[in-house]
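All of the numbers you see were taken from the coordinates with simple rules; none came from a lab. This structure is a prediction, so every number in the text was calculated from the model and none was measured. So basically every Cβ, Gly included, is an ideal-geometry build from the backbone, and we count neighbours across all protein chains shown.
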Amino acid sequence: MIHYALIFAFACFGLALLMNLYRIIEAPGVGDRILALDTMVVNSIALLGLYGILRGTTVYFEASMLLAMTGFISTVAYTRFLLRGDIIE
């Protein structure tokens, strides 16, 4: 039963990832694109976590933590650049 739930979750998060990709391409403003990119990182973290559950290993959870840290830093850098025009002062 868990296998079917994982397949369903993979399909849902994969579809959400495609919707985020569409939003990045067709967003009306830069802020919307940054938000879609951040949501895309969250969906990628969920997919890595699901794949770790499917394979039964903890390596993918560590990879998802690295992706979370990188995604947070990139979101902060993008928004700082949007607000100030400069990342490092």
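Among the residues of the range 42-54, those identified as under 15 Å from Gly71 (Cα atoms) and either of a type outside the set (Val, Ile, Thr) or outside any helix (DSSP H, G or I) (or both) are Asn43, Ser44, Ala46, Leu47, Leu48. When Tyr22 is tested against (1) under 24 Å from Arg80 (Cβ atoms); (2) assigned to a helix (DSSP H, G or I); (3) out of contact with any Leu (no Cβ under 6 Å at 6 or more places or on another chain), just one condition goes unmet, and that condition is (1). Candidates in the range 55-73 are the residues that are assigned to a loop (DSSP other than H, G, I, E, B) and of a type in the set (Ser, Thr, Tyr); of these, the one that is surrounded by the fewest Cβ atoms within 10 Å (Cβ to Cβ) is Thr58. Residues in the range 17-38 that are of a type outside the set (A, V, I, L, M, F, W, C), surrounded by 16 or more Cβ atoms within 10 Å (Cβ to Cβ) and touching a residue at least 24 places away in the same chain (Cβ under 8 Å): Asp38 alone.
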